[in-house]
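The values are calculated or read from the model by the stated rules, or taken from the named source; none is laboratory data. Keep in mind it's a predicted model, so treat the numbers as computed, not measured. A quick note on method: Cβ atoms are made from the backbone with ideal geometry, for glycine too, and the neighbour counts reach across all protein chains shown. Just the protein is used for accessible areas: all its heavy atoms, side chains included, with ligands, DNA and RNA removed. Shrake-Rupley method; radii C 1.70, N 1.55, O 1.52, S 1.80 Å.
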Amino acid sequence: MRFLFFVPVFFISSLYANPTPDINALDDSPLENATAPSAPVRVVARVGDKTMTLHWNKNPEYDILGYNVYKATSAAGPFTKMNSTVLVTLSYFDVSVVNGQSYYFYVTAVNSSQQQSTNSDTVIVTPKTFATTDDFLEYVQQTSFDYFWYEANPSNGLIKDRSTKDSPASIAAVGFGLTAIGIGVDHGYITRAEGRDRTLTTIKTFWYGPQGTPALGTIGYKGWFYHFLDMNSATRTWTCELSSIDTGLLLAGMLYSKQYFNGSDSLETQIRSLTDSITTRVDWGWMRNSGLSLTMGWKPESNFLGSRWVGYNEAMILYIIGIGAQVNPLSSVSWNEWTKGYQWFFSTRLNDYFVNFPPLFGHQYSHCWVDYRNIADTYMKGKGITYFENSRRATLDQRLYCIENPRGAVGYGPNMWGITASDVPTGYNARGTNMNDDGTLNATAPGGSLPFAPEFCIPALRNMYDTHRAKIWTGYGFADAFNETVNWWDKDVLGIDQGPIIIMAENYRTGKVWNTFMKEKIIVDGLQKAGFTSVTEVAASGNIVPDKYLLEQNYPNPFNPATVIRYQLSAPGIVSLKVNDVLGKEVATLVNEQQSAGKYSAQFNASKLSSGVYFYTLKIFQNGGQQSGSYVETRKMILTK
C-alpha cells in the first residue's frame, strides 16, 4: 500500500455531508467482485491547528451512493470507520485530532448495491500549531478554495450556492469561484492546466447556454443570467430572477480569468475571446428599463423588478463594468444617479463620517476585484476619502458596535464581531451594524475586510477559530454563521461568503487579484468614465485629536506593490513624508503640506521600483519652520516582487 504524507502546510477542504442511506450493516471489508466501484483517487489532506480535512475526486461510476472514511493512529491499524452514514460529498473533516500526533486515513466508495471499493491510497496527516499568521491565513484560503473546487460540477463549471446536497448553482458563487481558481493556481492547490480547463468549461457554459424569453430551459436573456441555475442542466431554477447584480459578480470573475489566463496557447486564448463575447452580449440599456439607473432584475412571468440599484451597496462593481463596456455601455449619468442615493453618516462610536451601508458585504464585494486604495470619484473627493478608507471606517465602526453590544448578545467583544447578510437561526437575513442584529456572527465579515483593518480582522478570525472551531470549522473552512445567544451553529457553507474570504485574504497578503483585475480595459475605462482619478493621501478614520506625534509601521510589510503609511499629528504643522532607497536617494514624496492635528494615511505605490529595502521619514515642523517642537522619525519597509 502506498502512503501519501502531508506535512502541516495548513490548508484544506470539506465536511460531513447530509447523511443519506445508513450502511452500518455493510461489512467494512471491501467487496472484491467485478461490479464493485473503483477506489477513490487523488485523496488530498490539509492540516491545521487541531483540525484536518480530506478531499478526493468524484468516482466515475454513475451509481455511487457515497463514501466511507477510515482512520488509524498507526500504519498497521486498526482502522476505524469515522462516518456512521455514507458521506455524499467529496469531503471529510476532523476537529478532534491532536497536535503532534500522526493519523492515517483512507477512503472507499460505496455504490447503490452497497458494494464497497478497495481502499484509496493512505494519507498521513500531523496537525500542528500555526507558527505564523501567514500559516493561519493559508489554511483559511485553502479550505475556502476547496469549496469552489469540490462543490462544482466539473462537466459545466457551475458551483453550488451552498454546501447542501441538492443546492442549485449561484452565478455569483461562480464569479467568486473563477477568481478562486487563479488563487489556487498561484498557491499550488491545483495546476495551471487544471485551472485553465475548469475555467474554460465554465465560460463555455455561459456562452453556449440558451438565452431567450421562455420561463424554462434557458440560462438567461439579453446577455444577462438567472440568479440560480440547475447544477446539471445549467438552466433557470426556482423561478428566480434574471439578476443584474449576480450577473455583475459573475462578469467580474470572468474578467479576472481573462486577465489571469494570458498565455498564447489556444485554450487560454479561447478563455479571453469567449469572455469578450459574453461581456459584449450584455444589453445594458435594456436593464435600465428607460431609467437612468439599473433595475435589480427581470422575470419572464412579471417583467422588470420594481427596485433599482441606487445608493451605496454591493452593486458598485456592476456599474463600473457597465460604464466601461465596449459595446452599448452605460453612460456616466448612471454613476451620478447611483451616487445620489448615498447616505453620508456620522458615527458617534467612531467619531467620524462614512457612506453608510449596515451589512459589511456591501463594503466588500466590489473591493474583491477593484483596487480603490489610490483613486476616488467626485463624490469621495468631496468628502476627502477613498472608497477603501470608507470600507475601513465601516469595518471599524461595526467592531465598535459589537464591543458596545447594545442588545446584549452573548459572545460579542473586541475579537468576536462580524455582522452581514447570512444564514440566521430562522433562515436567511441581511443584517448589519444596528440593523436586524439578532446575535448572529459571521467569519466572512472580518474575513472580507482583511485589507481594510487587518489589525482587527485577523484577531477576530483567529478568535473564532480558536474558540469555536469544534462547532464552526468545516471541510471548507468556517461555517456560514453562529449565534451563541441561542446556541445555534450553522452547518452550511455559502459560496458568496467564502468568496470574499479567500479573495480579500489574497489581496491583503499579495495584492495579486487587484493587480490582475485592474489590467482589464473595461475596468480602466469604467473607472475613468465614472470620474475616478488618482489620489495620494486621505484623512484617516478618527477625528479625535491625538495626544502625540506618531509614525506607524507601514501595512502590509513586506508589500507588493502598494502599502499604507499611517501617522498622526498632535498639533498643526508642515508635514513632509518622503521615501528613500538604501543609498539615501529620494524616490517619492508622499506628503509636503500644512496639515491640521489628526490622524492620516498615505498610500505608497512602488510598482515602478525594484525589490529591496526602503526607508520612509516623517518630518513635522511647527510654526511654519524648523524650530523647537519639530518631530522626525524614520522607519524601514521591504518591497518584494
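Values of log10 I(q)/I(0) for region 559-641 across q = 0.19, 0.22, 0.23 Å⁻¹ run -0.81, -1.01, -1.07, by the Debye formula with one identical scatterer at each alpha carbon and no solvent. Just so you know, the averaged projected area of the alpha carbon convex hull for region 281-357 sits at 6.2 nm². Stretching R635 away from L292 to a fully extended chain increases their span by 118.6 nm, per 0.36 nm per residue minus the current alpha-carbon distance.
Compared with the alpha-carbon gap, the fully stretched path from Y428 to S38 is longer by 136.4 nm at 0.36 nm per residue.
Place +1 on the Cβ of every Lys and Arg and -1 on the Cβ of every Asp and Glu in the chain, take the dipole about the Cα centre, and give the residue among S610, T440, V97 whose Cα lies farthest towards its positive end. Result: S610, furthest along the dipole toward the positive end. By DSSP, the beta bridges lying fully in the chain are antiparallel in about 95 percent of cases.
Note on K81: lysines with a C-alpha under 18 Å away, same-chain residues under 8 apart excluded, are K71. Across all Cα atoms of the chain, the radius of gyration (one decimal) and Dmax (whole number) stand at 25.6, 91 Å. Note on region 58-183: percent of Cα-Cα distances in each 5 Å bin, starting at 0 and stopping at the bin with the largest distance, equals 2, 9, 15, 17, 18, 18, 13, 6, 1, 0.
Computed over the chain, relative contact order equals 11 percent, with contacts defined as Cα pairs under 8 Å that lie 6+ residues apart. Taking the average, over residues, of other Cβ atoms within 10 Å as the packing measure, peptides 361-368, 550-557 rank 361-368, 550-557 from highest down. Looking at the chain, the accessible area is 37 square angstrom per residue; that uses a 1.4 Å probe and ignores ligands, DNA and RNA. Pairs spanning more than 18 Å between alpha-carbon atoms, out of K578/K608; K548/K619; K585/K608; K340/K381; K50/K512: K50/K512. Overall, the ratio between the Cα radius of gyration of region 157-204 and 2.2 N^0.38 Å, rounded to two decimals, is 1.16. The modelled label-to-label distance for the pair T617/I403, using points 7 Å beyond Cα in the direction of Cβ, is 3.5 nm. The calculated P(r) of region 369-424, using every Cα pair and 5 Å bins from 0, goes 4, 17, 20, 16, 14, 13, 11, 5, 0 in percent.
Each of S570 and K58 was given a label point 7 Å from its Cα along the Cα-to-Cβ line. The distance between the two points is 6.4 nm.
With all pairs of different C-alpha atoms in the average, the Kirkwood value for the hydrodynamic radius of region 140-269 is 14.6 Å. When only C-alpha pairs under 8 Å and at least 6 residues apart count, what is the relative contact order of region 92-191, in percent? That works out to 18 percent. For region 217-260, backbone nitrogen atoms closer than 17 Å to the point 7 Å from D276 Cα along Cα-to-C-beta are found at 254-260. Helices that extend 30 Å or more along their long axis by alpha-carbon positions and average at least 0.0 on the Kyte-Doolittle scale are absent among the DSSP H runs of the chain.
Normalised by 2.2 N^0.38 Å, where N is the number of residues, the C-alpha radius of gyration of region 321-458 stands at 1.12. Here the accessible area of the chain is 51 percent carbon and sulfur, with a 1.4 angstrom probe and all protein chains present.
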